[in-house]
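Taking it in order: structure first as structure tokens, then the write-up.
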Amino acid sequence: DIKQSAILAMANLIAYASDIFDSKKLSDSITTLQERSKSEALRFAVMKAFYTIVSSPKKLPIDKQLESCLKDVLQMTHKILRPVKLAALDSLLAICEKYPNAVKNSSSDIVQDVAQLIKEGDLLVIRTTLKVLKITISGASEPALIALLQVMLEFCKTPVLNSLQDEVVPIMCILAGKNKGELSPGHICESLKAGTLEKTLRPVAAVIANILMLHKEEIGKHMELYAKVLANDSESPQNRKLAAIVIGNIGQSNDPVSYTHLTLPTILLVQISVVAVSLKKKK
């Protein structure tokens, strides 16, 4: 308890009274914290300390020190103890947000490493992981993005997606925006459609619609496919429902879309007048 209190006290001094430290003392303090993270009993306190320092209202000259600490922080995100995992993720997110120079050379490693956390069932862990990915994904290599895409496609078929749609859609759109090979919007849309659960129909449809709206040149081709699915009685009810939702989502967009080959069903708004008629059999 004394050591943990000392670690947290030192973190608060660095965060709020950094003026009393010269650059060497700052560097030495970060190095000391890094060494303490190797002690199982102190890991939680160390991760909380990192978060306190990085979240300081001041921008501290510690980019190089944080860059050297990234590997240790990433390792902590995979620990079994939930408090340690969450504290490490909070620290990693804070570093990504406030010290981008510390992570710019490690984007691919971060993406590949934390992507595995999406497979866990912990909602808070997944939400924080998605926030980290949203920041680091733009600097990741194509192999890292393809690996992430596979994880995200599987995740989109789980009921957890219902609670994280706002976090997932931007990431899927960024992946689709790369528009190379497996990252093409067509591949993503078709993969999302395959094996979609009933509980994730609407969120998955929203992801697909957003991806297609990002690539307007793809809309006509895919909307024609979804229209055929919707009109085909031999398709599963689930696929037809998904197609209907995608068409409806895009139809509600404020941006006008041209459907050159689209025949039935159309998503254009049609006003229908219904007239009640009384039919009486003549005697």
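Of all residues in segment 207-221, which are open to solvent by 10 Å² or more (accessible area, probe 1.4 Å) and of a type outside the set (D, E, K, R)? Of everything in segment 207-221, those that are open to solvent by 10 Å² or more (accessible area, probe 1.4 Å) and of a type outside the set (D, E, K, R) turn out to be Asn210, Met213, Leu214, His215, Gly220.
For segment 224-272, residues that are at pLDDT 50 or above and β-branched (Val, Ile, Thr) total 5. Of all the residues in segment 1-25, those that are in a helix (DSSP H, G or I), at pLDDT below 85 and surrounded by 15 or more Cβ atoms within 10 Å (Cβ to Cβ) number 1. Here Lys71 clears all of (1) within 20 Å of the chain's Cα centre (by Cα); (2) surrounded by fewer than 19 Cβ atoms within 10 Å (Cβ to Cβ) except the condition numbered (1). Does Leu60 fit the bill of being out of contact with any strand residue (DSSP E or B) (no Cβ under 6 Å at 6 or more places or on another chain) and in contact (Cβ under 8 Å) with a residue 40 or more places away in the chain? Criteria met by Leu60. Residues of segment 26-48 that are small (Gly, Ala, Ser), surrounded by fewer than 19 Cβ atoms within 10 Å (Cβ to Cβ) and within 21 Å of Pro83 (Cα to Cα): Ser39, Ala41. A Cβ distance below 9 Å, combined with a sequence gap of six or more or placement on separate chains, defines the contacts here; from segment 179-190, residues that are in contact (Cβ under 8 Å) with a residue 40 or more places away in the chain reach residues that are of a type outside the set (Asp, Glu) in the pairs Leu183/Leu145; Leu183/Ile146; Leu183/Leu149; Leu183/Leu175; Leu183/Ala176; Leu183/Gly177.
You will find that of Ala176, Ala144, the residue that is of a type in the set (Gly, Ala, Ser), surrounded by 18 or more Cβ atoms within 10 Å (Cβ to Cβ) and farther than 22 Å from Ala205 by Cα is Ala144 and no other. Considering segment 147-160 alone, what residues qualify as being touching a residue at least 12 places away in the same chain (Cβ under 8 Å), within 20 Å of Val114 (Cα to Cα) and either in a helix (DSSP H, G or I) or open to solvent by 10 Å² or more (accessible area, probe 1.4 Å) (or both)? Result: Ala147, Leu148, Leu149, Val151, Met152, Leu153, Glu154, Phe155, Lys157, Thr158, Val160. Contact map, segment 67-87: first residue within 22 Å of Pro100 (Cα to Cα), second residue part of a helix (DSSP H, G or I) and among the charged types (D, E, K, R), Cβ cut-off under 6 Å, separation 6 or more or different chains; pairs are Leu74/Asp113; Thr77/Lys85; Ala87/Lys48. With respect to the conditions (1) open to solvent by less than 50 Å² (accessible area, probe 1.4 Å); (2) closer than 14 Å to Ala94 by Cβ, Tyr51 lacks only one, and its number is (1).
The values are calculated or read from the model by the stated rules, or taken from the named source; none is laboratory data. In this text the structure is predicted, and so the values were computed from the model without any measurement. Cβ sites come from the backbone with ideal geometry, for glycine too, and all protein chains shown count toward neighbours. SASA here: full protein model, heavy atoms, side chains in, ligands and nucleic acids out. Shrake-Rupley method; radii C 1.70, N 1.55, O 1.52, S 1.80 Å.
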